[in-house]
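Nothing in this text is a laboratory measurement; each read-out follows from the coordinates by a stated rule. The structure displayed is predicted, hence computed values, not measured ones. No Cβ is skipped: glycine too gets one built from the backbone with ideal geometry, and neighbour counts run over all protein chains shown.
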Amino acid sequence: MSRVINYKDLFVWQKSVDLAKNVYLLFPQIQNEKLVDLMAKTSISIASNIAEGNSRQISKEYRQFLYCALGDISQIDCQLILAKELGFITQEEYTPFEDRVIELRKMLYGLISKLKQRANRPPRPVGHSSYSGQSGDSDTSRSERVSDDDSLEDSKSEESATADV
């Protein structure tokens, strides 16, 4: 199994970039400049929040950025519905986006749940740490710290975690 090295390896990030690319492909059809600008910012904000959250060393901060990404997903869904209601896109064009939105939402909830479970684990006893260079006197407890290994999500585990959501 391969370990996730950075946000680019996260399946949920890759899917969010695909969503943004597909939203951008709709722009020639949407004849409302303000709606296009809003959709552009919102669609890329999903992937950006996932990336920024992944760079955080504190699990709680990572989760907060994932919650922001969830909010962005709701916004883009609303904007796509508006584009459909205004006749810029058809129901047939909207449906694949609706499916992607649902999939991303499930994946993010799965990742958030996994991070919460990790944060609720009891800290490892001092001297039993498998992490080199860590001491037990850190200001940040183990349950709040995301080590390099902990922040690296296993792509397969992420997919299976979100399949249950």
Check your understanding: Suppose R0 equals 41 Å; then what is the FRET efficiency for Leu82 and Asn120 from their Cβ-Cβ distance, rounded to the nearest 0.05?
Key -> 0.55
Practice item. Return the sequence-ordered ³J(HN,Hα) values of segment 105-117 in whole Hz as given by the Karplus equation 6.51 cos²θ - 1.76 cosθ + 1.60 applied to θ = phi - 60°, using x for Gly and Pro. Key: 4, 4, 5, 5, 4, x, 5, 4, 4, 5, 5, 5, 4
Check your understanding: If the chain between Glu33 and Gln57 were fully stretched, how many nm would it gain, using 0.36 nm times the residue separation less the Cα-Cα distance?
Key -> 4.8 nm
Point to revise | Distant-in-sequence amide H partners of Ile58 (H built 1.01 Å from N, under 5 Å) | key: Val146
Check your understanding: What is the spin-label model distance, in nm, from Gln64 to Asp18 if the labels are put 7 Å beyond Cα along the C-beta direction?
Key -> 3.1 nm
Check your understanding: Pairs Lys34/Lys116; Lys21/Lys114; Lys8/Lys116: which exceed 31 Å Cα-Cα?
Key -> Lys34/Lys116
